[in-house]
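The values are calculated or read from the model by the stated rules, or taken from the named source; none is laboratory data. What you see is a predicted model, and the numbers here were worked out from it, not measured in a lab. Don't worry about glycine lacking a Cβ; one is built from the backbone with ideal geometry, like all the others, and counts go over all protein chains shown.
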Amino acid sequence: MFILELFKRNKECKHTKVTPDKDICYCPDCGELIENRWYITRCACCGIKLKAVIKNGNIVPDEHYCHNCGVHRFIIEQVDKINFVDINYAVLVKVPVKPHFDEVTQSWTERHIYTAPKLIRG
Ligand SMILES: [Zn+2]
Ligand SMILES: [Zn+2]
């Protein structure tokens, strides 16, 4: 079972101002860096898409049994780029991101400056 521990732990703020059109942004209410992740569920047998819902912090299909083949097992699939078809099946999970986003950006910038003279010489 897929358990969203981070999702469960953060009960105070629902990050409602983090809109689904952004991949990642800071929540204006609590200041946490929030990543929007979309998930769909599929039947493990026939692979048909099943509407995903969140129940008790778990991503589960809305239907208990596949409407196509009657199988109970399912798989969870993360969707990189949500489209208008998948959005009907997908569930949006707002995941707080812990790594230091600013520091990563800075080290990239430094590396870029450092390698630039080498490129000119070569
Ligand atoms: Zn928040
Ligand atoms: Zn099926």
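The set of residues in the range 36-68 being within 16 Å of ligand 2 (Cβ to nearest atom), assigned to a strand (DSSP E or B) and touching a helix residue (DSSP H, G or I) at 6+ places or on another chain (Cβ under 8 Å) consists of ILE40, LYS49.
Residues are listed down the side, and each one gets a yes or a no for (1) within 16 Å of ligand 1 (Cβ to nearest atom); (2) surrounded by fewer than 16 Cβ atoms within 10 Å (Cβ to Cβ); (3) at positive phi:
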residue: ASP21; (1), (2), (3): no, yes, no
residue: ASP29; (1), (2), (3): yes, yes, no
residue: ILE34; (1), (2), (3): yes, no, no
residue: ARG42; (1), (2), (3): no, no, no
residue: CYS45; (1), (2), (3): no, yes, no
residue: LYS51; (1), (2), (3): no, yes, no
residue: LYS55; (1), (2), (3): no, yes, no
residue: ILE59; (1), (2), (3): no, no, no
residue: ASP62; (1), (2), (3): no, yes, no
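For every residue, the table says whether it meets (1) closer than 18 Å to ASP21 by Cβ; (2) modelled with pLDDT of 90 or more.
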{"position": "ASN58", "(1), (2)": "no, yes"}
{"position": "HIS64", "(1), (2)": "no, yes"}
{"position": "VAL71", "(1), (2)": "no, yes"}
{"position": "ILE76", "(1), (2)": "no, yes"}
{"position": "ILE82", "(1), (2)": "yes, no"}
{"position": "ASP86", "(1), (2)": "yes, yes"}
{"position": "THR105", "(1), (2)": "no, no"}
{"position": "ARG121", "(1), (2)": "no, no"}
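When ALA90 is tested against (1) surrounded by 11 or more Cβ atoms within 10 Å (Cβ to Cβ); (2) at pLDDT 95 or above; (3) within 16 Å of ligand 2 (Cβ to nearest atom), exactly one condition is not met: (3). Pairs are defined by a Cβ separation below 9 Å, a sequence spacing of at least 6 or placement on different chains, a first member in the range 46-57 that is closer than 15 Å to HIS72 by Cα and touching a residue at least 24 places away in the same chain (Cβ under 8 Å), and a second member that is basic (Lys, Arg) and surrounded by fewer than 15 Cβ atoms within 10 Å (Cβ to Cβ); no pair meets this definition.
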